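Student: Supplied in structure tokens, the structure appears directly below.
What follows is calculated from the coordinates using simple rules that are stated; it is not laboratory data. No experiment lies behind these values; they were computed from the predicted model shown. Every residue, glycine among them, receives a Cβ derived from its backbone with ideal geometry; neighbour counts consider all protein chains shown.
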Amino acid sequence: MDSPGSMKRSRLLQRHLLPFLLLFLLLTLSQCRGDALPGTCAVAGECESGGDAEAAAMAGKDRVKIDEESAQDAKSRVDPYALLKDGHAKLKAKNFEEAITAYNQLDAVLSSIYGTMLHGRGVAHSMLQQHLQAAADFKQAVAKQPSKPEYWMELGQEYTILNDYENAHNAFTKAVELDPHNDKARRFRGMSAFEIEHYAAALGDLIPALTQDPSNPELLTQVAASLLRLNHYRESQPYWEEGVQAHPDDGNLWLQKGITHRILGEGQKAVDSLLMGLTVEENIEIYHNLAATRRYQGDHWGAIEWCDKGLAFRPEDSELLYVRASMHHALGDHATALAGYDHLMAMGAGRQMTFNQALAFYQREVLLYTVARLDLPFSAFQMDEDMDVDFKVAWLNRRVPPSLPKYHNLSVPDHQLEGATWQLLPQLSEGALAVIAAADEIGWRAHYETDGVMPNKQQLRMAGLAALDVMQRVRGTWEAIADEQRLPSIVDDDEDGEGEEERQRGADESDDEEGSDGLTSPPRMPLRRMTGSGNATLQLVGSWRQLFQVMVPWRQLSDPTEPPLWKAMFENQRFQGNFQSNTPIHTWKQFSAKYKAIYGRAVEVTRQGLLEGQEALDMDGNAFPVPRDTYGAKIEAAEGHVGLYNAVGRDFYLRLPCHSMALPGTVLRGTEFKLHKKPLAIHFETYTKNDETQWRHLDDELTAAWESLSAAVLDLPMRATDSSRYQQRVREGILRISYYWFQLMPLSRGSAMVGLISILGLSMAADMETTTRIPKDVLVDWEGLFATRFQDFYDAVAPWLFSSVRRSPWHLPVVREVLPTTRHVLAALSYT
């Protein structure tokens, strides 16, 4: 006789299993009648008759076949009631282990049937566009039957429709694990990996899928875009080409192809592709990229044209409104620009400012500052000294102003605008046009011939004008010093009566002589003295800071949306010696193709630094050991920056030394290469912290470098007795200044361009105008960052830089005479 306890357990078991037992009885009856299981054959039959295609169109995805195993094998299943009865019998006989086995068999059967039911109901919900309910059913189905890859596929597709790509990727991954040969699951996993920006993983699945479906536009787009985002810019191009050839009516493919060309710096190819996309469909993104391409080419009127066309299509597009206003601003059309900024800022009044509205606010203030100084000498354009520090900090960090009244006119008091005229720019004199023509030729020598850098005719002109300004100002300074010290003239006297016509002809001669160092020396020709030219008074350059302050306003005025600001001004007034900046070399979403040219060297410099025992620090600046006997083999075998990170096994940055010339034997803090882990990738970048100590040390170096160059130029006895040695010392002085400038990177942006201008301007001031363009894939500022000693930098740059020189263009008018005011400088920059 059973005990009361066992009878009670039996009754509870029957009560809890009764609902499932009834379900199985119904299923058994339906099978006896020859009907299909709910959610399987009946639904599948409907799908085969056309419902599947309709569902795919509605859901925007390929559907998996519904599991038919339950229907096909239903008759072979064990009777669940028999399992229940057998379990009870074993329980009564006190064969507990056998009872558990029977009950486990019953649980497996119930889970299978219940999973099939959930799956079928999920499909029905999906067909009705009830995707939240469908996902909930599929989630329960995989919980009941986790070994079913098709259930995981269905769950992944529902998550995809719901834009929950992270969970979709997890579901597709599970489907692949259960069925490694399921190509569809791999393809879907690759697509979801792309959406969550796991681009390397996406390529691993998408490229094999593309071999099976080579003309699929979505696959072509995602493969090409993944390569693009992994910095494989050139490698992505064939996929865009295949895409537009297979699908010439796909506007998105033309758009993405155009964006790729723009990223690579191929301006005309970008425009051609974007125009093809525009013939297919009118897309605001195409207008954005057409305007951006013309802007990066320095064609401001061309950018305005595409902004106008895009705004005719979408009148309130904030991106195009901002770009159009900023292009009028750069052209000196201040009244139109101000109206554009005001219109953009008035949109959506009362709501939080958008990003473009915030930019418009800052640019409006910069515009008013410029207008207040249009008719003052260009030397009065001193943004760093004049502008409010809080404004500059907010502007640099692109902060959204919390309230307009609080920030209004911080940079420009109203009284400074009294009397300011808004007329268009003046006509330029013949002398000004001659200076512009020379500047256009000189500026090309500051252009980087590498992927990702588009020739910007306005910025190259700015570089040429600034270099001529440096030439004249510095030459005037050296002449003034020579006069003060009563030295012989630093120019050759015109003893043989050679006139101005002969001098100008001499400036064009190219019979250069090769010096003893293998570099070309300029011919010894009479030079024009820069002082005493008309009524002009050339402001003298007495320090390296004054030297670079000649150049910085040119860069600030030429691109008012991205002006460089002196970090030292932030330090003294706001950051108190702790201004830091990062330059990304390789990140998970790095779009600058420019740094691909130096990526390999950056990795090798970091590798060698680790192997040579240079200081490795954690993110808090604390040094930690990386002993070669422990880490050396891993570091040597590491591939790329990711391999280096894995070899070290933690976030770190490596500090290169910078050897002093001002204080021989002293080692300064040089370039720092930083590797740190982010959720999606290992980031590789340079890290610069300009604290008070760093500024003081590099100020000493630049001061000594400026004094060394001036002393070399003024060493007239050496010039007379040992011309080759004289030229060598001058070249070393010029490049020494640029080397420590690149090590310091003193500007918030634009330090590289300003450093290049200094090389061009100082070379001309020393009467050795270099006519050589920068070789392909050479980034001069990075040569400075990689070099731990000045001599390394000199050896890398001087051979090609001074391979062709000529005497400087002294016949040109003085820049500050023919372009006396800020208004004239703007006219020169925008002259066409």
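Student: Once the Cβ-Cβ distance between residue 197 and residue 486 is put in as r, and R0 is 56 Å, what FRET efficiency do you end up with, to the nearest 0.05?
Tutor: Efficiency, rounded to the nearest 0.05: 0.25.
Student: Once phi is turned into ³J(HN,Hα) by the Karplus curve 6.51 cos²θ - 1.76 cosθ + 1.60 with θ = phi - 60°, what whole-Hz value does each residue of segment 682-698 show in order, with x for glycine and proline?
Tutor: With the stated coefficients, segment 682-698 comes to 8, 8, 10, 7, 8, 10, 10, 10, 8, 8, 4, 5, 4, 4, 5, 5, 6 Hz.
Student: Quote the Stokes-Einstein diffusion coefficient, in whole µm² s⁻¹, for segment 596-684, based on the Kirkwood radius over alpha carbon pairs, a temperature of 4 °C and a viscosity of 1.567 mPa s.
Tutor: For the chosen part, D equals 95 µm²/s.
Student: Additional query: Please list the non-local residues whose amide H lies under 5 Å from the amide H of residue 778, H modeled 1.01 Å from N, same-chain partners needing a gap of 5 or more.
Tutor: Distant-sequence amide H within range of residue 778: 449.
Student: Per Stokes-Einstein, at 37 °C and 0.692 mPa s, what whole-number D in µm² s⁻¹ belongs to segment 294-363, with the Kirkwood radius over Cα pairs as the hydrodynamic radius?
Tutor: Calculated translational D: 273 µm²/s.
Student: For segment 633-715, list log₁₀ I(q)/I(0) at each q in 0.15, 0.24 Å⁻¹, using the Debye formula over Cα point scatterers of equal strength and ignoring solvent, two decimals each.
Tutor: Normalising to I(0) and taking log10 leaves -0.70, -1.09.
Student: Further question on the same structure: Viscosity 1.567 mPa s, temperature 4 °C: Stokes-Einstein D of segment 705-804 from its Kirkwood Cα radius, in µm² per second?
Tutor: 94
Student: Also, quick follow-up: Starting from the exponent 0.38 and prefactor 2.2 Å, build the expected Rg for segment 212-274 from its residue count and divide its actual Cα Rg by it.
Tutor: Relative to the 2.2 N^0.38 Å estimate, segment 212-274 comes out at 1.00.
Student: Show the residues, 5+ positions off or on another chain, whose built amide H is closer than 5 Å to the amide H of residue 668.
Tutor: 658, 659, 660
Student: Right, next: Taking the Cβ of each residue in 336, 772, 160 as the centre, tally the other Cβ atoms inside 10 Å and list the residues starting with the fewest.
Tutor: 772, 336, 160
Student: Turning to a different aspect of this structure: Beyond a 24 Å Cα-Cα separation, which of these cross-linked pairs lie in this structure: 174/596; 148/184; 392/596?
Tutor: Listed pairs above 24 Å: 174/596; 392/596.
Student: Another question about this same structure. Using the Cα centre as the reference, give the magnitude of the dipole from point charges on the C-beta atoms of segment 723-832 (Lys, Arg: +1; Asp, Glu: -1; all else neutral), rounded to the nearest 20 debye.
Tutor: 200
Student: How would 232, 586 line up from fewest to most surrounding beta-carbon atoms within 10 angstrom?
Tutor: Exposure proxy ranking, most exposed first: 232, 586.
Student: Please order 282, 154, 639 by the number of other Cβ within 10 Å, starting at the fewest.
Tutor: 639, 282, 154
Student: Apply the Karplus curve 6.51 cos²θ - 1.76 cosθ + 1.60, θ = phi - 60°, to the phi angles in segment 260-276 and return the couplings in whole Hz, x for Gly and Pro.
Tutor: Taking θ as phi minus 60°, the curve returns 4, 4, 5, 4, 7, x, 9, x, 5, 4, 4, 4, 4, 5, 5, 5, 4 Hz for segment 260-276.
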